[in-house]
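In what follows, a single structure is set out as C-alpha cells and then discussed.
Taken together, the values in this text are just the output of simple stated rules run on the coordinates, not laboratory data. What you see is a predicted model; the values in this text were computed from it and never measured. Positions of Cβ are generated from backbone atoms using ideal geometry, with glycine treated the same way; all protein chains shown enter the neighbour counts.
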C-alpha cells in the first residue's frame, strides 16, 4: 500500500516532470502562447503543493505568476494578444517575434524560477522526513537505554546488555543508511555495520576497535557461555553505546 508521504513525493515528481516538459516546449513566443492552458493547470497544482510543503515561498511563487503592483509576471506573457491574432490568423504567421525576444527570455526565466521552487519542495520533504526520522529514532534509543540501565540496576544483566546491543546495532544501521552504504546481508550485525563504516572511512581504527569491543560484550549477553556478564560490563556497554550514538553519525 502506498503511504500518503509516498503519494506526496510522487505528486511532486510528476509536477517537476510535467513542468520541465512544458518548459521544453516553449522555444519561442509563439509556443509560449500555445502552452498557456497546460501551464495554467500546472500552476494550480503546483500552488497546492507549495502551500503545504514550502509555505514561506508561496508569495514568491504567486508574484512570479502575477504582481498586482507591476502588472507583470507569467500571466502577462501568456495573455499577451498581439493585434494580428485578433484577426484570426494562425500563430505560425508570426514566427518567433510576437513580442520582443528579450521579453520572451524573461518569461522563460520566470518559469525556470518557479520550477526551482517546486524542486525545492522535493528537497524539503526529503530533509523533513529525514529530520523527523532521526529525532524519533534518537528518542526511542534513549528510552531503550534507560530501560537497559534499570535492568542493570536490578541485576538482569543479560537482558540489559541485549537491549543496549539492539540500540547499538540500530544506530550503526542508520549511520550506514545516512551515508548511502548498503549492507548485502538481510540481517546485518554490529560487526557487519562496523566493518562497512571502517571500509568507507566513516570511522577510524580506534573507533572501529571500540565498537568491536562493545559487540563482544553484547554477544556475551546474548549467548550463554561460561563467563557471565557483570554489572560493570553492562555499564561499559551502555556508556559506550551512548558515546557512539553521539559521536558517530
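How much length is gained if the chain between residue 7 and residue 67 is pulled fully straight, taking 0.36 nm per residue apart and subtracting their Cα-Cα distance, in nm to one decimal?
Taking 0.36 nm per residue and subtracting the Cα distance, the gain is 18.4 nm.
Report the Cα centroid-to-centroid distance between region 185-214 and region 102-124 in angstrom, as an integer. For region 185-214 versus region 102-124, the Cα centre distance is 44 Å. Using a/c under 1.5 as the rounded threshold, could you call region 171-223 rounded, prolate or oblate? The axes a ≥ b ≥ c are square roots of the C-alpha gyration tensor eigenvalues, and prolate needs a/b larger than b/c, oblate otherwise. Oblate, because a/c is 1.5 or more while a/b does not exceed b/c. Fully extending the segment from residue 137 to residue 154, taken as 0.36 nm per residue of separation minus the present Cα-Cα distance, adds 3.5 nm.
A simple spin-label model places the labels of residue 216 and residue 199 2.3 nm from each other, with each point 7 Å out along Cα-to-Cβ.
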